[in-house]
Amino acid sequence: MTNQIVLLLGANLGDKLATLNNAVREIHNSIGEISKSSKIYETAAWGKEDQPSYYNQVVVCESNLPSNDLLTLTQEIENKLGRIRKEKWGARIIDIDILFYSNEIISTEHLKVPHPWLHKRRFTLEPLTEILPNFIHPILNQSCSDLLLHCDDQLPVKKLTLERTSIK
């Protein structure tokens, strides 16, 4: 069975655009074909605000991977691209969050899907709503556009007009 996987990519160190492009290429090559991708957004740091702004992007891919294998692969991609885990919500070369895994609800020690913070983060909801406005959050039973409409986060999120490289 093919699953629709929704991932949030974030980078705030180094060449952020190149890192996002490399992450998209790695996701395409190792996880599954990318069917949708948002524009890239420049966003203020959330949770730990004394750091550089982020570039964020949401991608949707189709994959047969079980959720635990998906988590392992996203972490392998992060490591390959230079991620070093130092502190929660700290600056990073790349971060790949699993937002949705089809309509499944997953709650294990290492993986929570839907992402438990997505409805509280404008930097997630803006690009998510761009490409999946009517997708229904399987726990909150609201569309992504409704979640964005009711989001209390007021940190700035700005859509950029950057050139993205092709996946292939």
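For Cα extents along the principal axes in Å, the choices are (i) 37, 35, 32; (ii) 65, 50, 23; (iii) 57, 39, 31; which was calculated from the structure?
Computed from these coordinates, Cα extents along the principal axes in Å corresponds to label (i).
If we sort 15-23, 71-79, 119-127, 107-115 on the protection proxy, mean other Cβ atoms within 10 Å, highest first, what's the order?
Packing proxy ranking, top to bottom: 119-127, 15-23, 71-79, 107-115.
If each residue's Cβ is checked for other Cβ atoms within 10 Å, how do Ser37, Ser67, Ser30 rank with the fewest at the top? If you can, show how the numbers build up before the last one.
Working: Ser37 22, Ser67 18, Ser30 14.
Going from least to most buried by this count: Ser30, Ser67, Ser37.
Please order Trp46, Trp117 by the number of other Cβ within 10 Å, starting at the fewest.
Details: Trp46 19, Trp117 14.
Lowest to highest Cβ neighbour count: Trp117, Trp46.
Please compute the contact order of the chain in relative form: average sequence separation of alpha-carbon pairs under 8 Å and at least six residues apart, divided by the residue count, as a percent.
Working: 321 pairs, mean separation 49.6, N = 168.
Relative contact order here is 30 percent.
Can you put Cys61, Cys151, Cys144 in order, fewest other beta carbons within 10 Å first?
With the fewest neighbours first, Cys61, Cys151, Cys144 line up as Cys151, Cys61, Cys144.
None of the figures in this text is laboratory data; all of them are computed from the coordinates on show. All values derive from a computational prediction rather than experimental measurement. Using ideal geometry, Cβ is built from the backbone for each residue, glycine included, and neighbour counts are taken over all protein chains shown.
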